[in-house]
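Here is the structure we will look at.
The values are calculated or read from the model by the stated rules, or taken from the named source; none is laboratory data. For clarity, every value in this text was computed on a predicted model and none was experimentally measured. The area values use the complete protein model at the heavy-atom level, side chains included, leaving out ligands, DNA and RNA. Shrake-Rupley method; radii C 1.70, N 1.55, O 1.52, S 1.80 Å.
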Amino acid sequence: MSFGPVDPNARTASYPAPPGGHTRPSATRFLVPALVAAAVAVGLGTYGRVHDPAGTAFNLAGFSSTGAVKSWLGSAAFLFALVQLVSALAMYGRLPGVRAASWTPALHRWSGRVAFLLAVPVAVHCLYALGYQTYSTRVMWHSLLGCFFFGAFSAKMLLLRTERLPGWLLPVVGGAAFTALTVIWLTSALWFFRTVGVTT
């Protein structure tokens, strides 16, 4: 069978979706990241609650205390998270007069990776040395959002590999993770620097 020449400017015919086809992502694609996020957050909180605090987890040469180490690492993580936020806003065209460069996506990815790697030893210290504490409002929010951050980050990593996501979903999850990290920094590193002083 032969067909005549095809007009590239002709309107595409509209065909019904094939049986069993999905026009939207399955709800499972969203449910799994949500369940993983909840499992990570609850798991970390449970461990921190039942674990007997050791008082210290690690220290680095040149620092006067583990509190100073934790505060500086947390501040560095927050700084790289700010870089990731600004690069994300540039990529989404949310910065007036700023056009994303070709290297902006790479900057966004690597700043997020570095922020996460810096946050891991801080979380290890908090959970192993201090545990999940609620003896004050500041400490309660710090403990709660610390667990939430790693849950939200896990969900974001899973969602990045999911196709056909709603355009608003990743910014919302990423924004939630950044907001949690901001409050974590305010209730820990900034509090330490204001109480003890900016010291190493």
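Some points to look at:
- T104, T195, ranked by accessible area, largest first (probe 1.4 Å): T195, T104
- Taking the 1.4 Å solvent-accessible surface of the stretch 28-128 as the whole, the part contributed by carbon and sulfur is 71%.
- Normalised per residue, the accessible area of the stretch 140-198 is 54 Å², obtained with a 1.4 Å probe and no contribution from ligands, DNA or RNA.
- Panel values: the stretch 49-164, Kirkwood radius from alpha carbon pairs, Stokes-Einstein at 25 °C and 0.890 mPa s, translational diffusion coefficient 152 µm²/s.
- The figure for S188 is an accessible area of roughly 20 square angstrom, using a 1.4 Å probe on the protein chains alone.
- Long-range Cα-Cα pairs in the stretch 154-199 (distance over 17 Å), rounded percent: 49
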